[in-house]
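As structure tokens, the structure follows; a few thoughts come after it.
The values are calculated or read from the model by the stated rules, or taken from the named source; none is laboratory data. Here the structure is a predicted model, which is why all the values come from computation and not from measurement. Backbone-built Cβ (ideal geometry, glycine too); neighbour counts: all protein chains shown. Surface accessibility is based on the protein's heavy atoms, side chains included, excluding ligands, DNA and RNA. Shrake-Rupley method; radii C 1.70, N 1.55, O 1.52, S 1.80 Å.
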Amino acid sequence: MNEKVLHTLEYDKILEQLEALAGSEGGKRLCRSLRPFSEMEEILPAIRATSDAEMRLIAKGSLAFSGIRDVREPARRAALGSSLSIETLLEVRGLLEMAGRAKNYGREELREEPDSLSPLFESLEPCAPLRQELDRCILSEDEIADSASPGLLSVRRRMGSIGERIRNEMNSLLLKHRSSLQDQLITQRGGRWCLPVKAEYRSAISGIVHDQSGTGSTVFVEPLSVVRLGNEQKELEIEEKREIEKVLAALSGLTGERAQDIACDYETLTRLDFIFAKARLSRSYKGTAPLFDTRRCLDIRSGRHPLLDPKKVVPISLRLGKEYDMLVVTGPNTGGKTVSLKTAGLFTLMGQAGLHIPAAPNSRLSVFKEVYADIGDEQSIEQSLSTFSSHMTNIVRILSEADEQSLVLFDELGAGTDPIEGAALARAILTRLHERGIRTMATTHYSELKLFALSTEGVENASCEFDVETLRPTYRLVTGVPGKSNAFAIAGKLGLPRDVIDLAGSYIDSDQEAFEDVIAELQDRRRQMEEAEAEIKELKEETARLEQEARKRQGALEAQKEKILREAREEARRVLQEAKDTADKAIRDLRRGGGSVSREMEQTRSGLREALTGAEDALSALGGPQQRRVTVTEKKLRVGDAVFVHSLGLKGTVSTLPDAKGNLFVQMGILRSQVNAADVELIPEETVTVEGKRRSTAVGGSIAKARSISPEINLIGMTVDEAVPALDKYLDDAVTAHLEKVRIIHGRGTGALRNAVTGVLRKDGRVASYETAPYNEGGYGATVATLKKH
């Protein structure tokens, strides 16, 4: 791609925006050097990388790449045996730390699919042992940790001891010779500890004079008693420096061993920085990934020039290459023709460089080997000047170099010379490009070119709208209709006398005037059609909104209806439950008082039970909680579990545990049968009822009771206070159902529940005898009671 067009279409300004979004110098360098690709195999992966980075920004937030330094050369030197400085080693540590953060950021969650950036993140090598060693040894740019090496630790301990002795000695001399000192302080001169002694008391303190004040009134004396200690301190400082050099040499050796990994990390991180800068640029102008094909077609939908104010820019849509391969754009000055031209060219460059474009989704671009642009700068965003000669020189080059794989853009083709000759030249140039099948877009004011587009197959007119009433362009690009210059209308609005305008009109050829009238009529009809389409769209949206509101209201009414029915049935169930509880209590009280229960009372009680069951079934039909059957593989069968026997179609209670063949006994009301474990399903209920056809007999109430009362009760999980009344009610129902034996399951536990059960059975007059259940029916976890016959 020629460099001139990159500047003409302001692609370089896009790169400036991109560079500002990169964090590292290496990433910025990649941004500056980004050029459009010319092969689909390069473009599509670049576009996908930008899209994947944008998705990661949305899902995980931003990843900062600032602070990355190029340490490839120092690492290479370290591999050859050179010793690195503290600053360079800190830069290595910073790079490895960034590699670790980036690797964690790029790690996919279990639910995520790998994307095109996954291999880059996976290739990062944080070199954790090296980074940890650098962290341990280097505290800052001018400090190595004492623990960096045993030798350094030993030297610094001795330095601390010598320093403490020097301070003690100096403090002692400070107090001893207080009157001889100019100031009560300890100072240093040339790295030696000194006291500020008055000149007249110089002989009072034996020592070496290292300096004196500007007036000569003060001399700085290093006491002889400190000289030896100072010499030792200097020797230790030299030794400390040697130990630090050893530490740096060791760290440099470790760095050299990982030089290749460090170089790869730097290149990968700068690459990721560059890719994420492209993603951030896309988010800044709400860009989308363009589609690409090889048919040399453009289909830009609601495209916005990325360098214009996003709050003011008017989106444009244009197509080129499918129905027509040349587009002639006309319209008034400052109407947006040049911006439309630049938008098409800039989007092509951006898309082929792997950047998103600020346009609606599914916008389509094509791959062009070259893009040529001749744009009149007096009409351009840059506002610079040009001449007819310079334009023609550029056009000559374009005609000689352009081919079918090129996109050619002309702004004000043929302008700057005699209008008749300029129009003729423009038409000839466009004709040659059209004959060669070169995708071309040109802006013009020449009516001859409008007629050329109308009369030539494969060439289409387009126009930029202008509102004559407000004297302002709308910047909308309309394909299929040529534009008017509107010079007379604009002049009239600005105050030019009407007679002058009429005189000017008389100079225009009648055919030309008729042509302009046709254009005006086409524009009016198009505007009317657009207004009608907008009204239809608005009506459709309103209809959809009303339909949605109606569906919401219907759903609310259905929910309200269901709620009312449920509340009514709940109330009915509650009333029936209260009536049944009252009847049960009355019968229990009557039995305890020695009275007999009449058949009518028992039938009334059974009727209440049936009505209560019916109410519960109605509630279940309304969407209430449903029973869930559990296969035996989900839970180990236990004595007392409620089950459903498939072969018999009945519910029952497990009486015995399965034997070696999986056979077990199930109590189903008054029926006790042996079935296989594979034939049963667990159901979450403790009281099992047997569904069957009811018959009216002389003892109908007792049969109904026998069908609804289980031969056992499970008290496990209850407290003693809860279990005793439950057992009392169960014994009453069992006697009414004429059961001979019942089993009370209480579990072993602490024995409190078992003792409470045996205590109740011992005193209850309805119980003839009781005993611990057989081993295969629960053993010590259950008690079998024999009831008295009534």
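Roll a 1.4 Å probe over the protein heavy atoms and report the accessible area of Glu404 in Å², nearest 10.
100
Once R0 is set to 41 Å, what does the formula 1/(1 + (r/R0)^6) return for the Cβ-Cβ distance between Ala532 and Thr294, expressed as a FRET efficiency to the nearest 0.05? Write out the running numbers ahead of the final one.
Details: r = 38 Å, r/R0 = 0.93.
Once the sixth-power term is evaluated, E becomes 0.60.
How charged is the neighbourhood of His210? Take every other residue with its Cβ under 9 Å from the Cβ of His210, and add Lys/Arg as +1 and Asp/Glu as -1. Please report the intermediate quantities before stating the final value.
Working: positive: Arg189, Arg192; negative: Asp211, Glu222.
It works out to a net charge of 0.
Which value, in Å², gives the accessible area per residue of region 28-120 when a 1.4 Å probe is used on the protein heavy atoms?
That works out to 53 Å² per residue.
What accessible area per residue, rounded to a whole number of Å², is obtained for region 188-278 using a probe radius of 1.4 Å?
Values: 4320 Å² over 91 residues.
I get 47 Å² per residue for region 188-278.
With a 1.4 Å probe and all protein chains kept in place, how much accessible area does Asp211 have, in Å² rounded to the nearest 10?
About 60 Å², ignoring ligands and nucleic acids.
For the residue pair Arg101 and Arg397, what label-to-label distance in nm results when each label sits 7 Å from Cα along the Cα-to-beta-carbon direction?
Computed distance between label sites Arg101 and Arg397 equals 4.5 nm.
In region 92-143, carbon and sulfur make up what percent of the accessible area (probe 1.4 Å)?
Working: 1350 of 2930 Å².
That fraction is 46 percent.
Beta carbons within 10 angstrom, averaged per residue: use that to sort the peptides 673-679, 67-73, highest first. Mind showing how you got there, number by number?
Working: 673-679: 15.1, 67-73: 17.9.
Sorting 673-679, 67-73 by mean packing, highest first, produces 67-73, 673-679.
Could I get the Rg over Rh figure for region 1-54? Both from C-alpha atoms, Rh via Kirkwood, rounded to two places.
Working: Rg = 12.1 Å, Rh = 12.3 Å.
Across region 1-54, the Cα-based Rg/Rh ratio is 0.98.
How long is the gain from Ala360 to Glu267 if the chain were fully straight, where each residue apart is worth 0.36 nm and the alpha carbon distance is subtracted? Display every interim value, and only then the final one.
Working: separation 93, 0.36 × 93 = 33.48 nm, distance 3.39 nm.
Gain in length upon complete extension: 30.1 nm.
For Asp728 and Ile564, compute 0.36 nm times the residue count separating them, minus their Cα-Cα distance, and round to one decimal in nm. Provide the component values of the computation, followed by the final result.
Details: separation 164, 0.36 × 164 = 59.04 nm, distance 3.72 nm.
In short, 55.3 nm is gained.
At a Cα cut-off below 21 Å, give the lysines reachable from Lys741, other chains included and same-chain residues fewer than 8 away excluded.
Output for Lys741: Lys651, Lys705, Lys729, Lys763, Lys788, Lys789.
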